[in-house]
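Down below is the structure, laid out as C-alpha coordinates.
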Amino acid sequence: MNSKLIAPSILAADFANLQRDIEMVNKSEADWFHIDIMDGVFVPNISYGMPVLKAITKHAKKTIDVHLMIIDPDRYIKTFAELGSNILTVHYEACTHLHRTLQAIKAEGMKAGVALNPHTNINVLEDTINDIDLVLIMSVNPGFGGQSFIENTYNKIKQLKTLIDKKGASTIIEIDGGVTNKNIKQLVDTGADVFVAGSHVFKSNNQTETIKELKTIANS
Ligand code: DX5
Ligand code: ZN
(Lines give C-alpha, C1' and ligand atoms only; values in the text may rest on other atoms or scores of the structure.)
(Ligands and ions follow the chains in the order given, each with its own letter.)
Protein backbone atom coordinates (compact mmCIF):
# COMPACT_ATOMS: atom_id res chain seq x y z
CA MET A 1 0.00 0.00 0.00
CA ASN A 2 1.56 3.32 -1.03
CA SER A 3 -0.43 6.09 0.59
CA LYS A 4 -0.58 5.86 4.39
CA LEU A 5 -4.05 6.48 5.80
CA ILE A 6 -5.33 8.45 8.81
CA ALA A 7 -8.50 7.32 10.60
CA PRO A 8 -9.71 9.72 13.32
CA SER A 9 -11.51 7.85 16.09
CA ILE A 10 -14.96 9.32 16.70
CA LEU A 11 -14.84 7.97 20.27
CA ALA A 12 -12.84 11.10 21.14
CA ALA A 13 -15.22 13.50 19.36
CA ASP A 14 -17.58 15.88 21.15
CA PHE A 15 -20.85 13.91 21.14
CA ALA A 16 -22.86 17.06 21.78
CA ASN A 17 -21.43 18.43 18.53
CA LEU A 18 -21.14 15.25 16.55
CA GLN A 19 -22.23 16.68 13.20
CA ARG A 20 -19.68 19.50 13.51
CA ASP A 21 -16.88 17.03 14.23
CA ILE A 22 -17.94 14.76 11.35
CA GLU A 23 -17.89 17.74 8.96
CA MET A 24 -14.42 18.60 10.24
CA VAL A 25 -13.22 15.10 9.31
CA ASN A 26 -15.02 15.33 5.94
CA LYS A 27 -13.14 18.51 5.08
CA SER A 28 -9.79 17.35 6.47
CA GLU A 29 -7.07 15.19 4.93
CA ALA A 30 -8.30 12.20 6.95
CA ASP A 31 -9.08 9.05 4.98
CA TRP A 32 -11.46 7.02 7.15
CA PHE A 33 -13.88 7.41 10.05
CA HIS A 34 -12.91 4.96 12.81
CA ILE A 35 -15.97 3.86 14.80
CA ASP A 36 -15.49 1.98 18.09
CA ILE A 37 -18.41 -0.19 19.18
CA MET A 38 -18.09 -1.56 22.75
CA ASP A 39 -20.50 -3.85 24.59
CA GLY A 40 -19.37 -3.59 28.21
CA VAL A 41 -18.66 -7.34 28.18
CA PHE A 42 -15.74 -7.92 25.82
CA VAL A 43 -14.27 -4.65 27.06
CA PRO A 44 -14.94 -2.83 30.36
CA ASN A 45 -16.71 0.08 28.70
CA ILE A 46 -19.79 0.87 26.59
CA SER A 47 -19.41 3.38 23.76
CA TYR A 48 -22.33 3.85 21.38
CA GLY A 49 -24.45 1.63 19.19
CA MET A 50 -26.55 1.46 16.04
CA PRO A 51 -28.61 4.69 16.29
CA VAL A 52 -25.45 6.75 16.73
CA LEU A 53 -23.69 4.97 13.87
CA LYS A 54 -26.74 5.70 11.72
CA ALA A 55 -26.44 9.39 12.59
CA ILE A 56 -22.71 9.33 11.78
CA THR A 57 -23.10 7.65 8.38
CA LYS A 58 -25.78 10.17 7.44
CA HIS A 59 -23.12 12.89 7.39
CA ALA A 60 -19.81 11.06 6.92
CA LYS A 61 -18.44 11.18 3.38
CA LYS A 62 -15.44 8.89 3.84
CA THR A 63 -14.83 5.18 4.39
CA ILE A 64 -16.57 3.87 7.52
CA ASP A 65 -14.15 1.67 9.47
CA VAL A 66 -16.04 -0.11 12.25
CA HIS A 67 -14.10 -1.73 15.10
CA LEU A 68 -16.31 -4.15 17.01
CA MET A 69 -15.24 -4.76 20.61
CA ILE A 70 -18.16 -7.08 21.30
CA ILE A 71 -18.61 -10.78 22.01
CA ASP A 72 -20.19 -12.99 19.34
CA PRO A 73 -20.06 -10.32 16.59
CA ASP A 74 -21.70 -12.65 14.02
CA ARG A 75 -25.09 -11.60 15.40
CA TYR A 76 -24.69 -8.09 13.99
CA ILE A 77 -22.74 -8.46 10.71
CA LYS A 78 -25.79 -7.85 8.53
CA THR A 79 -26.90 -4.89 10.65
CA PHE A 80 -23.53 -3.16 10.34
CA ALA A 81 -23.55 -3.69 6.58
CA GLU A 82 -27.02 -2.11 6.38
CA LEU A 83 -25.82 0.82 8.48
CA GLY A 84 -23.15 1.63 5.91
CA SER A 85 -19.96 0.04 7.28
CA ASN A 86 -17.30 -0.39 4.60
CA ILE A 87 -14.82 -2.26 6.79
CA LEU A 88 -15.92 -4.49 9.66
CA THR A 89 -13.25 -5.53 12.14
CA VAL A 90 -13.90 -8.21 14.74
CA HIS A 91 -11.64 -9.28 17.60
CA TYR A 92 -9.78 -12.57 17.25
CA GLU A 93 -10.44 -13.13 20.97
CA ALA A 94 -14.21 -12.78 20.46
CA CYS A 95 -14.65 -15.27 17.61
CA THR A 96 -15.00 -19.01 18.06
CA HIS A 97 -15.25 -19.59 14.30
CA LEU A 98 -13.15 -16.78 12.87
CA HIS A 99 -12.98 -18.18 9.34
CA ARG A 100 -16.76 -18.38 9.13
CA THR A 101 -17.09 -14.86 10.52
CA LEU A 102 -14.71 -13.47 7.88
CA GLN A 103 -16.68 -15.12 5.08
CA ALA A 104 -19.93 -13.73 6.48
CA ILE A 105 -18.50 -10.18 6.56
CA LYS A 106 -17.35 -10.44 2.94
CA ALA A 107 -20.68 -11.94 1.86
CA GLU A 108 -22.28 -8.67 3.04
CA GLY A 109 -19.96 -6.71 0.73
CA MET A 110 -17.63 -5.35 3.42
CA LYS A 111 -13.87 -5.66 3.87
CA ALA A 112 -13.03 -8.04 6.70
CA GLY A 113 -10.71 -7.00 9.52
CA VAL A 114 -9.34 -8.86 12.54
CA ALA A 115 -8.16 -7.04 15.66
CA LEU A 116 -5.60 -8.47 18.06
CA ASN A 117 -5.32 -7.51 21.72
CA PRO A 118 -1.83 -6.58 22.99
CA HIS A 119 -1.43 -10.06 24.54
CA THR A 120 -2.42 -11.99 21.41
CA ASN A 121 0.41 -13.40 19.31
CA ILE A 122 0.51 -12.71 15.56
CA ASN A 123 0.97 -16.46 14.89
CA VAL A 124 -2.70 -17.14 15.59
CA LEU A 125 -3.44 -15.64 12.16
CA GLU A 126 -1.16 -18.07 10.32
CA ASP A 127 -4.11 -20.02 8.87
CA THR A 128 -6.43 -17.11 8.10
CA ILE A 129 -4.16 -14.30 6.92
CA ASN A 130 -5.05 -14.84 3.24
CA ASP A 131 -8.72 -14.33 4.11
CA ILE A 132 -8.14 -11.10 6.04
CA ASP A 133 -8.23 -7.68 4.33
CA LEU A 134 -6.96 -5.79 7.38
CA VAL A 135 -5.31 -6.64 10.68
CA LEU A 136 -5.83 -4.11 13.45
CA ILE A 137 -3.04 -4.30 16.01
CA MET A 138 -4.23 -2.88 19.33
CA SER A 139 -1.43 -0.69 20.64
CA VAL A 140 -3.34 -0.14 23.91
CA ASN A 141 -5.75 -2.44 25.76
CA PRO A 142 -9.13 -1.95 24.09
CA GLY A 143 -11.92 -0.10 25.86
CA PHE A 144 -10.78 3.48 26.30
CA GLY A 145 -9.25 6.36 24.40
CA GLY A 146 -6.35 8.39 25.71
CA GLN A 147 -4.09 5.56 26.91
CA SER A 148 -0.37 5.36 26.29
CA PHE A 149 1.10 3.45 23.41
CA ILE A 150 2.55 -0.03 24.11
CA GLU A 151 6.09 -0.24 22.70
CA ASN A 152 5.91 -3.97 21.89
CA THR A 153 3.62 -2.96 19.01
CA TYR A 154 6.69 -2.44 16.81
CA ASN A 155 7.69 -6.11 17.24
CA LYS A 156 4.16 -7.20 16.37
CA ILE A 157 4.14 -5.12 13.18
CA LYS A 158 7.42 -6.76 12.11
CA GLN A 159 6.07 -10.25 12.84
CA LEU A 160 2.84 -9.52 10.97
CA LYS A 161 4.73 -8.11 7.99
CA THR A 162 6.81 -11.30 7.86
CA LEU A 163 3.67 -13.45 7.98
CA ILE A 164 1.94 -11.43 5.24
CA ASP A 165 5.00 -11.68 2.97
CA LYS A 166 5.50 -15.39 3.69
CA LYS A 167 1.89 -16.17 2.75
CA GLY A 168 1.75 -13.75 -0.20
CA ALA A 169 -1.27 -12.02 1.37
CA SER A 170 -2.40 -8.48 0.54
CA THR A 171 -3.55 -7.69 4.09
CA ILE A 172 -3.04 -4.13 5.32
CA ILE A 173 -1.97 -3.20 8.86
CA GLU A 174 -3.89 -0.75 11.04
CA ILE A 175 -2.59 0.56 14.38
CA ASP A 176 -5.08 1.60 17.07
CA GLY A 177 -4.30 3.32 20.35
CA GLY A 178 -1.91 6.03 21.49
CA VAL A 179 -0.92 7.14 17.98
CA THR A 180 0.59 10.64 17.89
CA ASN A 181 2.85 12.82 15.77
CA LYS A 182 5.74 11.43 17.88
CA ASN A 183 5.37 7.73 17.00
CA ILE A 184 3.63 7.68 13.60
CA LYS A 185 6.86 7.88 11.59
CA GLN A 186 8.40 4.89 13.34
CA LEU A 187 5.15 2.98 12.87
CA VAL A 188 5.23 3.71 9.14
CA ASP A 189 8.89 2.70 8.91
CA THR A 190 8.11 -0.57 10.71
CA GLY A 191 5.43 -1.42 8.14
CA ALA A 192 2.01 -0.13 9.21
CA ASP A 193 -0.48 1.34 6.71
CA VAL A 194 -3.44 2.87 8.59
CA PHE A 195 -3.35 4.95 11.78
CA VAL A 196 -6.25 5.46 14.14
CA ALA A 197 -5.95 8.65 16.18
CA GLY A 198 -8.52 9.68 18.76
CA SER A 199 -7.35 11.96 21.57
CA HIS A 200 -4.35 13.25 19.66
CA VAL A 201 -6.71 14.70 17.03
CA PHE A 202 -9.81 15.69 18.99
CA LYS A 203 -8.06 17.10 22.07
CA SER A 204 -5.80 19.31 19.95
CA ASN A 205 -6.43 23.01 19.38
CA ASN A 206 -6.54 22.75 15.61
CA GLN A 207 -7.95 19.36 14.67
CA THR A 208 -7.74 19.85 10.90
CA GLU A 209 -4.09 20.86 11.18
CA THR A 210 -3.33 17.91 13.47
CA ILE A 211 -4.79 15.50 10.90
CA LYS A 212 -2.81 17.22 8.15
CA GLU A 213 0.38 16.92 10.19
CA LEU A 214 -0.19 13.17 10.79
CA LYS A 215 -0.92 12.64 7.09
CA THR A 216 2.19 14.56 6.05
CA ILE A 217 4.52 12.77 8.47
CA ALA A 218 3.07 9.37 7.55
CA ASN A 219 3.65 9.99 3.86
CA SER A 220 7.04 11.70 4.06
C1 DX5 B 1 -9.73 1.87 22.08
C2 DX5 B 1 -10.25 2.18 20.71
C3 DX5 B 1 -9.48 3.23 19.99
C4 DX5 B 1 -9.46 4.57 20.66
C5 DX5 B 1 -8.14 5.21 20.33
O6 DX5 B 1 -10.33 0.73 22.55
O7 DX5 B 1 -10.21 1.02 19.89
O8 DX5 B 1 -9.92 3.35 18.65
O9 DX5 B 1 -10.51 5.40 20.26
O10 DX5 B 1 -8.02 6.37 21.06
P11 DX5 B 1 -6.62 7.11 21.28
O12 DX5 B 1 -6.10 7.51 19.91
O13 DX5 B 1 -6.99 8.27 22.13
O14 DX5 B 1 -5.68 6.14 21.95
ZN1 ZN C 1 -10.64 1.28 17.67
Label-point gap, in nm, between Lys161 and Asn181 - each point 7 angstrom along Cα→Cβ
2.5
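For a 20 Å ceiling on Cα separation, which of these pairs sit above it: Lys182/Lys215; Lys161/Lys182; Lys158/Lys185; Lys106/Lys158?
Details: Lys182/Lys215 13 Å; Lys161/Lys182 22 Å; Lys158/Lys185 15 Å; Lys106/Lys158 27 Å.
Result: Lys161/Lys182; Lys106/Lys158 exceed 20 Å.
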Under 10 Å, Cα contacts only: if you run a Gaussian network model on the chain, which one of Asn117, Asn26, Asn152 comes out with the highest mean-square fluctuation?
Asn152
Among all the aspartates and glutamates, which ones have a C-alpha under 14 Å from Lys61's C-alpha, if same-chain residues fewer than 8 places away are not counted?
Asp21, Glu23, Glu29, Asp31
What residues qualify as long-range amide H neighbours of Ile70, i.e. H under 5 Å apart, gap of 5 or more or another chain, H built at 1.01 Å from N?
His91
Which of Pro118, Pro73, Pro51 moves the most in a Gaussian network model of the chain with Cα springs under 10 Å?
Pro51
Pair Met50, Lys212: separation of 7 Å Cα→Cβ label points (nm)
4.0
Grab the eigenvalues of the alpha-carbon gyration tensor for the chain, scale each by 5, take roots, and send me the semi-axes largest first in whole angstrom.
24, 21, 16
So, counting K/R as plus one and D/E as minus one, what does the shell of residues with Cβ under 14 Å around Leu102 add up to?
-2
Obtain the nm distance between the two label points defined at His119 and Thr96 by a simple spin-label model: each point lies 7 Å from its Cα along the Cα-to-C-beta direction.
2.1
For the chain, what does -39500 (n - 2.57) per DSSP helix run (n ≥ 4), summed and divided by total residues, give at 222 nm, in deg cm²/dmol to the nearest 500?
-9500 deg cm²/dmol
Enumerate the amide H contacts of Thr63 below 5 Å, restricted to partners 5 or more residues apart or on another chain; note that Pro and chain-start residues carry no placed amide H.
Phe33
Rounded percent of accessible protein surface that carbon and sulfur make up, region 74-220, 1.4 Å probe:
46
Per residue, how much accessible area does region 5-218 show when a 1.4 Å probe rolls over the protein heavy atoms, in square angstrom?
43
When Lys and Arg each count +1 and Asp and Glu each count -1, what net charge do the other residues less than 11 Å away from Glu209, Cβ to Cβ, add up to?
0
Just to be sure I understand: of the beta bridges DSSP finds with both ends in the chain, what percent are antiparallel, rounded to 5?
5
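The values are calculated or read from the model by the stated rules, or taken from the named source; none is laboratory data. Values in this document were obtained by computation on a predicted structure and should not be read as measured data. Glycine also receives a Cβ, built like all others from the backbone with ideal geometry; neighbour counts cover every protein chain displayed. To get the accessible areas, we keep the full protein, side chains included, count just its heavy atoms, and leave off ligands, DNA and RNA. Shrake-Rupley method; radii C 1.70, N 1.55, O 1.52, S 1.80 Å.
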